[in-house]
Amino acid sequence: MKFTTERDSIVEALNGPVRAATSKGTSYNIPSLKLKLKNNNLEIIGSDPDLVISTRTDVHGEQDGDMIVPAKLFQDIVRALDQGAVHVLSNDEEITITSGKAEFKVREPVGGELTLFTKATGDGSLLPTKILAESLNQVVRAALTDNSRAPQLSAVLFATTEDGIRMVATDSYRLAYKDIKGISIKEDTEDVLIPAKTLEELQKIILANQNEKEINFSYSDTDAVFNIGDSKLATRLIKGPFPDYQRLLPNSYENYAIIEKEPFINVINRIKLLIRDSKDASSPVKLNFSSSHVEVSVSTPESGSAVEIIEAEYSGEETQVAFNPNYLLDGVKAINSENIVINIIDSSKPATIEPEDEKDYHYLLMPVRIS
Amino acid sequence: MTDVLHVDMNSFFASVEILDNPSLRGLPVVVGGGGKRGVVCSASYEARVFGVRAAMPIYKALQCCPKAVLLPVRISRYRLYNKRFLSVLDRVTPFVEPVALDEAYLDISHAHTLFGDSLAIGRKIYEDLFSETGLTCSIGISQNKLLAKLASKAAKPKILSGRVENTDPVLLISSAEEELFLDRHSVAALPGIGRKTVEKLSQIGVKTVADLKILSLSTLVAKFGTAQGKSVFVMARGIGSAEVVPNQERKSLGKEETFAIDLVGIAELLRQIDMLAEEVYFVSKRAELLFRCVSVKVKFSNFEVITRSKTQETPFLSFLELKSAVHAMVTNLDLKLGVRLCGVQVSGFVVGPHDKYRQTSLFDAESDVHAKDALEEVTLGVKEKFGNQAIGYGIVR
């Protein structure tokens, strides 16, 4: 195969696929990409046993065909070239990249096929990009980021509700859920569990495709596909069931505080400066709620202590609750309104952080028990 | 109780110089500072045969042994070996009190579960130090620091009629042997008894510790003043401090096992790893060390070693939590080759007693957490009372 392209456009098209490419589950010894050229359209595919990211870009094609390139090396080479035309040619297990007076001959990786598992096809549902991006940002943060515990905890649940969909994630210490009204995911089968890791990739792809208004989403019983602009992300699904989270949602709260979001974030960031040494790592921040303010404090075994008072509108009994400062910050930062509401029951039951106005997002957080 | 262990490296500085320059091996090596007017810091046994001793002026050493190879002190080099020395000790117990670059006391009372009886611990330290630093040492074990130090000295190679005689490098003085052992020593062997005191005692016919014991407290106080009199009186009776004060914080705690027959298959590996993790967990729990990192080491039959580790933001608070983390690290290992060795190590310690702060889970009812904690407490209690093997976690198939 043979084509000519602009350095900048191929550099951009490589980003997603290179991130997905691993040598896991393939017979290639190094992470590799598949390049497919057909009628002036180049498709770049990077894959992992659980994730496939592909992008399309228009090129000047001279000879259609397929080739395999070493992912990182190919990306590094085209990135390092000067701006302008890049010629790529594959010939007998060798890839030639030329640009200006530079010429690279790269050996083609040896191996079999890349994993391309997608079963999900056809028409999916159309999800509004902006709302999906915002919701992912609010929900993915509560999922488990490693695979040290139940795999369901490292997934985001997409569930159908009466008037839309609900996205839910929990690492068992906190739980975030978001209701999106007015959209539906067509096949109304079981709940869909999408790995949080893939959704983080999806967030990056959305960021690079902000002009696209909608994302096409389809799924089968084993995998799901997101199509956005020239990019496509396919992921294996995680087997359910998702933990029974509904029983965790408290019916009512006795106490709540309304706090201005940005100043509150600044206070927590200042206070948590004291949690510095590794010995201090498990020290929580304590929130003391009283009628006109919240006192935020920390006391660590190694570094010292700090306290700051922030104005708040509080209704309820004077209470103290302690939280992991990072989990707390994650929740507060996820709120997209000027004021946040913290609902509390007592020092051992989950608290909820919500926006003041629209109640479509909730972040449940378990306290740190002090004994 | 014979749980204080004293390790003393044999002619440490000179031995390090010989390791760095093997052509010196077998020669009388003297390490000392300040040219001819300086003093000997360390001398190889080949030099000691000629009567060279530490703290002897260099000129005198050269008189005793004109052929001595005189080398300057390279303290940074010895510090490096000191680090290796301490890292070996550190694996045995967190309770290590270094007294000099080449000397340390260990409280091994908590190490028996992992490494066996006191003598076995002594031998392990000797072997590990030798295989990992190439240096030899002497080890004394007894009920307090005084006796342990005298024992390590007694375990040093001896110079008998111009030849170096090696003795067993590990000497344990049990409580039954204490008195006899101590009585034989000359009074000069006791710490804090200098030449003047030795002379005074000698004038009244006191040469050995056995002789010293005949003197009453009031006689000693009258002769040497209250402080020294009292201290000599108790030392002569083998009474001394057993308190080992670690001035270094523990960095990690681990246990590994080499198998006589290579392990095959994941089930077998998990079983072994669980046992190691359980031991390490309960040792750290007993020492009230909360840890945030765990690493697993697996050595295959071709000696290839892989290590996996995990650090979490909050400490591991239950054995089950540790176990699932460890399992996640090994389950996707390629086990085509047999496993020769595996190990579990925890680090990233957080101070404070267990349970001080606990991030609660949305899915655990509070009563479950209490039940699990109570189970661990009981397990720890049984292990302490009846030994590590007395109770353990089972496997549900």
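The values are calculated or read from the model by the stated rules, or taken from the named source; none is laboratory data. It should be emphasised that the depicted structure is a prediction, and the values quoted were computed from it without experimental measurement. Cβ sites come from the backbone with ideal geometry, for glycine too, and all protein chains shown count toward neighbours. When the accessible area is computed, the model is the full protein with side chains, heavy atoms only, and any ligands, DNA or RNA have been set aside. Shrake-Rupley method; radii C 1.70, N 1.55, O 1.52, S 1.80 Å.
If the elastic network links every pair of Cα atoms under 10 Å, which of B:Tyr105, B:Tyr357, B:Tyr126 fluctuates the most in the Gaussian network model of chain B?
Among B:Tyr105, B:Tyr357, B:Tyr126, the largest mean-square fluctuation in the Gaussian network model of chain B belongs to B:Tyr357.
Tell me the relative contact order for chain B as a rounded percent, counting alpha carbon contacts under 8 Å between residues six or more apart.
Numbers: 680 pairs, mean separation 54.0, N = 397.
In percent, rounded to a whole number, it is 14.
Subtracting the Cα-Cα distance from 0.36 nm times the residue separation, let me have the gained length for A:Ser290 to A:Asp8 in nm, one decimal.
95.9 nm
What does the charge dipole of the stretch B:239-397 about its Cα centre add up to, to the nearest 20 debye, if the Cβ of each Lys and Arg holds +1 and the Cβ of each Asp and Glu holds -1?
With only Lys, Arg, Asp and Glu charged at Cβ, the dipole is about 380 debye.
Treating cross-link reach as a plain straight distance, find the lysines whose alpha-carbon is under 18 Å from the alpha-carbon of A:Lys178, omitting any fewer than eight places away in the same chain.
Within the straight-line limit of under 18 Å, A:Lys178 reaches these lysines: A:Lys130, A:Lys333, A:Lys359.
Based on the Kirkwood radius over alpha-carbon pairs, what is the Stokes-Einstein translational diffusion coefficient of the stretch A:125-246 at 25 °C with 0.890 mPa s viscosity, in µm²/s?
Approximately 172 µm²/s, per Stokes-Einstein.
Using a loss threshold of 10 Å², tell me which positions in the stretch B:279-322 are less accessible in the complex than in their chain alone. Probe radius 1.4 Å, ligands and nucleic acids ignored.
With the partner chains in place, the stretch B:279-322 has these residues losing at least 10 Å²: B:Arg292, B:Lys310, B:Glu313, B:Thr314, B:Pro315, B:Glu321.
Enumerate the residues in the stretch B:123-163 having an amide nitrogen under 19 Å from the point lying 7 Å beyond the Cα of B:Asn21 toward its Cβ.
B:135
Counting only protein heavy atoms and a 1.4 Å probe, tell me what percentage of chain A's accessible area is made up of carbon and sulfur.
C and S atoms contribute 45 percent here.
Given Cβ point charges of +1 (Lys, Arg) and -1 (Asp, Glu) and nothing else, what value in debye, to the nearest 20, does the dipole of the stretch A:250-365 about its Cα centre take?
Value, rounded to 20: 540 debye.
Can you work out the FRET efficiency for the pair B:Ile214 and B:Glu304, with r the C-beta to C-beta distance and R0 = 56 Å, to the nearest 0.05?
FRET efficiency, B:Ile214 to B:Glu304: 0.30.
May I ask for the equivalent-ellipsoid semi-axes of the protein assembly as shown, computed as the square root of five times each C-alpha gyration tensor eigenvalue and listed largest first in whole Å?
The three semi-axes for the protein assembly as shown are 64, 37, 24 Å.
Quick one: which of A:57-66, B:145-154 comes out on top by average Cβ neighbours within 10 Å, and what's the full order, highest first?
The most tightly packed comes first, giving B:145-154, A:57-66.
Comparing the chain by itself with all protein chains present, which residues of the stretch A:293-330 are at least 20 Å² less accessible (probe 1.4 Å)?
When all protein chains are present, A:Pro301, A:Asn324, A:Asn326, A:Tyr327 each give up 20 Å² or more of accessible surface.
Taking only protein heavy atoms and a 1.4 Å probe, what accessible area per residue, in Å², does the stretch A:2-107 have with all protein chains in place?
On a per-residue basis, 49 Å².
Gaussian network model of chain B, Cα springs within a sub-10 Å range: biggest mean-square fluctuation belongs to which of B:Ser241, B:Ser76, B:Ser318?
Result: B:Ser76 has the largest fluctuation of those listed.
Using 18 Å as the Cα-Cα cut-off, could you pick out the over-long pairs in A:Lys72/A:Lys105; A:Lys239/B:Lys372; B:Lys285/B:Lys323; A:Lys204/A:Lys232? Walk me through the numbers before you get to the answer.
On the way: A:Lys72/A:Lys105 15 Å; A:Lys239/B:Lys372 28 Å; B:Lys285/B:Lys323 14 Å; A:Lys204/A:Lys232 12 Å.
In this structure, A:Lys239/B:Lys372 exceed 18 Å between Cα atoms.
Of A:Ile258, A:Leu193, A:Pro109, which is farthest along the charge dipole of chain A in the positive direction, counting Lys and Arg as +1 and Asp and Glu as -1 at C-beta?
A:Pro109
Which is farthest toward the positive dipole end of the protein assembly as shown among A:Ser23, A:Thr55, B:Pro94, measuring Cα position about the Cα centre, with Cβ charges +1 (Lys, Arg) and -1 (Asp, Glu)?
B:Pro94
Give the A-B buried accessible area in Å², both sides summed, 1.4 Å probe, nearest 100. Present the calculation step by step, with values, prior to reporting the outcome.
On the way: alone 18390 and 20800 Å², together 36540 Å².
Buried: approximately 2700 Å² between B and A.
Considering only protein heavy atoms and a probe of 1.4 Å, how much of the accessible area of the stretch B:261-397 is carbon and sulfur, as a whole percent? Please report the intermediate quantities before stating the final value.
Working: 3610 of 6580 Å².
Carbon and sulfur: 55 percent of the exposed surface of the stretch B:261-397.
So which residue, out of B:Gln143, B:Gln203, B:Gln63, gets the largest mean-square fluctuation from a GNM of chain B using Cα contacts under 10 Å as springs?
Among B:Gln143, B:Gln203, B:Gln63, the largest GNM mean-square fluctuation belongs to B:Gln203.
With label points built 7 Å along Cα→Cβ from the Cα atoms of B:Ala267 and A:Ser125, find their separation and express it in nm.
Taking the two extended label points, one gets 4.4 nm.
Which of the peptides B:168-175, B:296-303, A:167-174 is most tightly packed, and how do the rest follow, judged by the mean count of other Cβ atoms within 10 Å per residue? Let's see the in-between values first.
Details: B:168-175: 19.2, B:296-303: 17.5, A:167-174: 23.9.
Listed from highest to lowest mean packing, they are A:167-174, B:168-175, B:296-303.
Work out the charge dipole of the protein assembly as shown with +1 on the Cβ of Lys and Arg and -1 on the Cβ of Asp and Glu about the Cα centre, then indicate which of B:Ala365, A:Thr170, B:Met329 is farthest towards its positive end.
Checked the options; the winner is B:Met329.
What whole-number value in Å² describes the accessible area per residue of the stretch A:233-371 for a 1.4 Å probe?
Working: 6210 Å² over 139 residues.
Normalised by residue count, the accessible surface of the stretch A:233-371 is 45 Å².
May I ask for the Kirkwood hydrodynamic radius of the stretch B:252-387, worked out over all distinct Cα pairs and given in angstroms to one decimal?
Numbers: mean 1/r = 0.0634 Å⁻¹.
After inverting the pairwise mean of 1/r, the radius is 15.8 Å.
What are the lysines whose alpha-carbon lies under 19 Å from the alpha-carbon of B:Lys124, with same-chain residues fewer than 8 places away excluded?
B:Lys83, B:Lys149, B:Lys153, B:Lys156, B:Lys255
Which is the longest part of chain B that has none of the GluC sites (Glu not before Pro) sitting in a DSSP loop with at most 13 other Cβ atoms within 10 Å?
Formally, the longest exposed-site-free interval is B:1-242.
Can you work out the accessible area per residue across chain B, with the rest of the protein chains kept in place, probe 1.4 Å, in square angstrom?
Averaged over the residues of chain B, the accessible area is 49 Å².
For the stretch A:283-300, list residues with backbone N below 12 Å from a point placed 7 Å from the Cα of A:Glu318 toward its Cβ?
Those under the cut-off are A:288-293, A:295.
What is the magnitude of the charge dipole of the protein assembly as shown about its Cα centre, with +1 placed on the Cβ of each Lys and Arg, -1 on the Cβ of each Asp and Glu, and no other charges, expressed in debye to the nearest 20? Working shown, then result.
Numbers: 89 positive and 101 negative charges, 1063 e Å.
The calculation lands at about 5100 debye.
Can you list the residues in the stretch B:336-350 whose accessible area drops by at least 20 Å² when all protein chains are present, compared with the chain alone? Use a 1.4 Å probe, heavy atoms only.
B:Phe349, B:Val350
Read phi for every residue in the stretch A:352-365 and hand back ³J(HN,Hα) as whole Hz from Karplus 6.51 cos²θ - 1.76 cosθ + 1.60, θ = phi - 60°, with x for Gly and Pro.
10, 10, 9, x, 6, 7, 8, 8, 9, 10, 9, 10, 8, 9
Kindly state, to the nearest 0.05, the FRET efficiency for B:Ser361 paired with A:Asp221, given R0 = 35 Å and r defined as their beta-carbon distance.
Here the calculated transfer efficiency is 0.70.
Under the Karplus relation 6.51 cos²θ - 1.76 cosθ + 1.60, θ = phi - 60°, what is the ordered set of whole-Hz ³J(HN,Hα) values for the stretch A:94-109, x standing for Gly and Pro?
Once rounded to whole Hz, the list reads 9, 10, 10, 10, 10, 7, x, 9, 8, 9, 10, 10, 10, 6, 6, x.
Decide, for the stretch B:158-223, between rounded, prolate and oblate: order the square roots of the alpha carbon gyration tensor eigenvalues as a ≥ b ≥ c, take rounded if a/c falls under 1.5, and otherwise choose prolate if a/b is larger than b/c, else oblate.
The shape class here is oblate.
Estimate the FRET efficiency between B:Gln312 and A:Asn336 by the formula 1/(1 + (r/R0)^6), using the beta-carbon distance for r and 30 Å for R0, to the nearest 0.05.
That pair, B:Gln312 with A:Asn336, gives E of 0.55.
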